[in-house]
Amino acid sequence: MRIQKYISETGFCSRRHTNRLIIEGRVTVNGVVSDKNTMIAEHDEVLIDGRPIPRKEQSVYLALHKPVGITCTAAKEVEGNIIDFVNYPTRIFPVGRLDKASEGLILMTNDGDIFNKILRSEHGHEKEYVVTVDKVITEQFVLKMESGVEILNTITKPCKVEKISDNVFKIILTQGLNRQIRRMCKALGYRVERLQRIRIMNIHLGNLEAGAWRELSQQELNELLKELQ
């Protein structure tokens, strides 16, 4: 088993965070500093910062309404990081990102396996947003957003867009380019004034207040795991 998969499955951290630890030389296997291609056998001793990886804790799955101003990073040195904001008693990390100026639903977990499955864009998992822009939404804007917009040297995948009012629309994406909605709107001459994520796959934000979090229900978790198969 590759080192990244081994560590993420312990629940200690995600594969992305594991890669950072490896680059920083903080992971050793049988006393030898690991690299990203290290393979782990059954009886190998894997240490992080010279200490054994803690035993896997009970799995945690939270739905958080991230407020504007909080940064989706586990880096403790970043002021306003999401880990300090939630202040959960055990180690958890955010699944994906929601930029600092945006708000809404983000999942928090200590389950590295579910983290990686959700992030794999090829699965086409839906994420739904409500967006307020600075001027009247035209039919042409909706059609262009749905059919694909050129940003970041690529064309965005087709998506679903529904106009709600003069300057508010819903959008359902199946990809997650960096600041995708903001960049799409900008490319079409619009500026995003408010962006709220209201759904990730089968998990809905509902009436969860900004800054609040809740545990996923067993039914939500079962449906989520089924979609990820």
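Brief remarks follow.
- Placing a label point 7 Å from the Cα of Gln140 along the Cα-to-Cβ direction, the residues of the stretch 158-194 whose backbone N falls under 17 Å from that point are 185-191.
- Among the protein heavy atoms, those of Thr71 account for about 40 Å² of accessible surface (1.4 Å probe, every chain in place).
- One Cα centroid belongs to the stretch 130-169, the other to the stretch 52-104; the line between them spans 29 Å.
- Sites Asn178 and Thr132, calculated FRET efficiency, Cβ-Cβ separation with R0 22 Å, nearest 0.05: 0.60
- Computed accessible area, Asp84, all protein chains, 1.4 angstrom probe, square angstrom: 80
- Solvent-accessible area, 1.4 Å probe, carbon plus sulfur percent, for the chain: 47
- Cα pair distances exceeding 23 angstrom across the chain, given as percent: 53
- The stretch 28-146: antiparallel DSSP beta bridges as a percent of all, rounded to 5: 95
- Alpha-carbon gyration tensor eigenvalues x 5, square-rooted, for the stretch 162-229, Å: 27, 15, 11
- Take Phe12: with every protein chain present and a 1.4 Å probe, its accessible area is about 40 Å².
- Measuring nothing but alpha carbons in the stretch 47-169 and taking Rh as the Kirkwood radius, the Rg to Rh ratio lands at 1.06.
- Of all DSSP beta bridges confined to the chain, the antiparallel ones make up roughly 95%.
The values are calculated or read from the model by the stated rules, or taken from the named source; none is laboratory data. Computed from a prediction, not measured in an experiment: that's the story for all the values here. Every residue, glycine among them, receives a Cβ derived from its backbone with ideal geometry; neighbour counts consider all protein chains shown. All accessible areas refer to the heavy atoms of the entire protein, side chains included, with ligands and DNA or RNA removed. Shrake-Rupley method; radii C 1.70, N 1.55, O 1.52, S 1.80 Å.
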